[in-house]
Each structure stands twice: as C-alpha cells, then as structure tokens.
Amino acid sequence: MGWDDFEIFLTVARTRSFGAAAKKLKVGYSTVSRRIENFEKRLGATLFIRQHGELSLTTEGRAVLAAANKMSSTASSLERTLQGVDKRLEGEIVVTLSQAVLCGIIMPQVPDFQSQYPDIYLEFDNSRNFLDILKGEADIAIRLTDNHEYQVPENLLGLRLPDIYVHAYASNKIVAKIKKGTPPKDIGWIKWDRRINFARMRQHFDRWGWPLKCSVDDMMAQINAVKNDVGVGILPCFLADKEPSISRINNEIAPLAVLDAWVLAHPDMRSVERIRAFMHFTVSCFEKNKTLILGQQVRS
C-alpha cells in the first residue's frame with residue numbers, strides 16, 4: 001500500500017462521505033469506494049460503518065486515522081521545508097477567508113495582484129468549513145474574531161489588520177420612516193450567527209427596544225434581507241456603506257468595533273516569496289479600504 005491509499009482514507013475520514021471525498025480528490029465516487037474496499041482488504045479490517053446517514057470510523061479505523069495523521073503531518077512538514085526556500089514568485093496559493101472579506105475587500109484588488117504577479121495562481125476558499133493551515137489545507141488564512149484577547153499562536157505567522165466596524169442598517173424606505181418617527185410596527189433585528197456576541201451590538205445601536213426578527217448566518221444573505229425589508233441588520237460598514245438601497249438608521253450613533261482581523265500563515269512559509277507577497281497584498285487591501293472598514297465613509 002502507498003501514501004495514496006492513506007490520502008484517500010484521510011479524505012473520507014475527514015468528510016465522512018465517499019461522495020464528498022471524491023469531489024475533493026477530483027475522482028469518481030466508484031474510485032473512492034473501490035480504493036477503500038481494497039485498502040480494508042489489505043489491512044484485514046473494516047474501517048468505516050454507516051450510521052445515521054454518514055460514515056463513522058470503527059475502532060480499527062480510528063487507529064489507522066491516528067497513524068495516517070502522523071504521516072500527513074510529516075509529509076506536510078517536509079513539503080513546507082522544501083517550499084520554505086522557494087524564492088520564486090510563481091505557483092499556487094490557497095487562501096481561506098469569509099465570503100464578506102473576499103467580496104468586499106480582497107476581490108476588487110485581485111486584478112492588481114494578478115498584473116504584478118502573473119505566474120501566481122490564486123485559489124480562494126470561502127466555505128463555512130474554514131481550512132486548516134497547520135494541516136496544509138490552505139497556505140494563508142484571513143480570519144475575523146470577536147475575541148479581542150486573541151494572540152497569534154507561536155506555531156503561526158500573523159499580521160494584524162484594521163478592526164472591522166459595524167453599524168445598524170435598514171432599507172432606505174424604513175430609514176425614512178424612522179427619521180420621521182414612524183418606524184413600521186413589525187420592525188425587528190436580524191441576528192448574526194451564534195459565534196458572534198450579538199447582544200453587545202444590539203445594546204449599542206438599539207434605542208427603540210425592537211425585538212429579534214430572525215437570524216441569518218451569512219453576511220451577504222443578511223444584506224439581502226435588509227434590502228428586502230426583513231428587518232434591521234448590524235452589518236460591516238465596508239459592505240453596507242457601498243449599498244445604495246440601504247442606510248444607517250441613525251448617523252448620530254457611532255460605529256462599533258466588533259471584529260479583530262488577522263492574516264495568518266504557517267511560520268515555515270515565511271521565506272516563500274509568493275506567500276509573503278500575498279500577505280502584504282492583503283495588508284494593502286485593508287489599508288486602501290480603511291475609511292470604509294472603520295465606518296468613516298458616511299452617506300447623508
């Protein structure tokens with residue numbers, strides 16, 4: 001058996017699905033199923049069982065997973081060591097980040113990066129399942145956190161970015177009624193997902209005692225909900241202040257710093273020129289949008 005067998009096993013173990021593993025590995029479903037079946041035959045053990053609609057590891061499977069993770073870690077370490085002496089401004093960079101940051105801050109500047117570094121291929125992953133740079137799933141992570149005590153771990157390389165400021169927004173139609181002192185009777189707040197301390201934000205902006213209306217855990221969907229009069233949303237200023245159909249409910253209330261922002265990479269990659277180039281590009285993207293990010297670009 002070769003490393004390919006363990007790689008397929010690891011992918012299935014992490015995704016808990018032959019179909020998802022096949023998609024990630026860019027092979028057919030039947031290929032993954034057949035390779036796992038042959039792998040189990042060679043080991044003389046059953047590695048997976050199906051429970052509640054998804055695959056689960058058996059006791060033997062968990063033992064193989066521990067060994068496979070060690071092999072993967074060793075392989076990743078060797079790859080990073082070799083890449084760490086790479087001075088070429090070419091190759092692939094996998095970046096994991098949120099959809100909001102990608103669409104609102106990074107993507108508009110990507111053509112400039114591509115023009116300067118035409119031989120660097122960028123792969124952006126803005127899925128909800130953030131990739132792990134320590135496991136080699138991504139090269140760079142742009143992370144937002146409401147943990148203001150966060151410090152970059154010793155096993156990561158990080159640069160601090162400007163804080164993300166938010167404000168309360170509604171559709172222009174609702175804002176006009178609020179300014180007249182006649183907000184709609186059924187108005188309410190659109191809550192963020194459970195990972196963010198929404199109560200703190202609501203306390204800062206709520207002067208009217210509005211109830212919670214609903215919860216939306218995707219930022220772009222939240223903006224769409226605000227535009228369609230679902231309720232009042234607390235949104236990052238760098239996104240909301242560019243939307244002509246929505247406005248701040250009260251310009252006299254100051255924006256609120258909610259999220260710390262970081263760009264992170266594995267320390268073994270500090271000498272890889274393409275990684276350094278993209279990290280500095282990320283800093284420049286945030287700096288160019290700093291007025292928007294800090295909520296200082298106010299529309300009347």
- Message: If you average the C-alpha positions of region 94-134 and of region 260-287 separately, how far apart do those two centres end up, in angstrom?
- Response: 11
- Item | Reachable lysines from Lys191, criterion Cα separation under 28 angstrom, eight or more residues apart if same chain | Lys173, Lys177, Lys179, Lys180, Lys213, Lys227, Lys242, Lys290
- Task: Consider the candidate values [x] 15.6; [y] 18.8; [z] 17.7; state which one is mean projected area of the Cα convex hull in nm² computed from the structure displayed.
- Result: [y]
- Note on the structure: Listed by chain and number, the residues whose amide H is under 5 Å from that of Tyr121, excluding neighbours fewer than 5 places away on the same chain and using placed H, are Gly91, Glu92, Ile93
- Task: Select from Pro255, Pro184, Pro267 the residue whose mean-square fluctuation is largest in a Gaussian network model of the chain (Cα-Cα springs shorter than 10 Å).
- Result: Pro184
- Message: So the label point goes 7 Å from the Cα of Ser245 along Cα→C-beta, right? Which residues of region 174-198 then have their backbone N under 17 Å from it?
- Response: 174-176
- Item | Percent carbon-and-sulfur accessible area, region 158-249, ignoring ligands, DNA and RNA, probe 1.4 Å | 49
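The values are calculated or read from the model by the stated rules, or taken from the named source; none is laboratory data. Just so you know, these numbers come straight off a predicted model, no measurement behind them. Cβ atoms come from the backbone with ideal geometry, glycine included; neighbour counts cover every protein chain shown. What goes into the accessible areas is simple: the full protein's heavy atoms, side chains included, and nothing from ligands, DNA or RNA. Shrake-Rupley method; radii C 1.70, N 1.55, O 1.52, S 1.80 Å.
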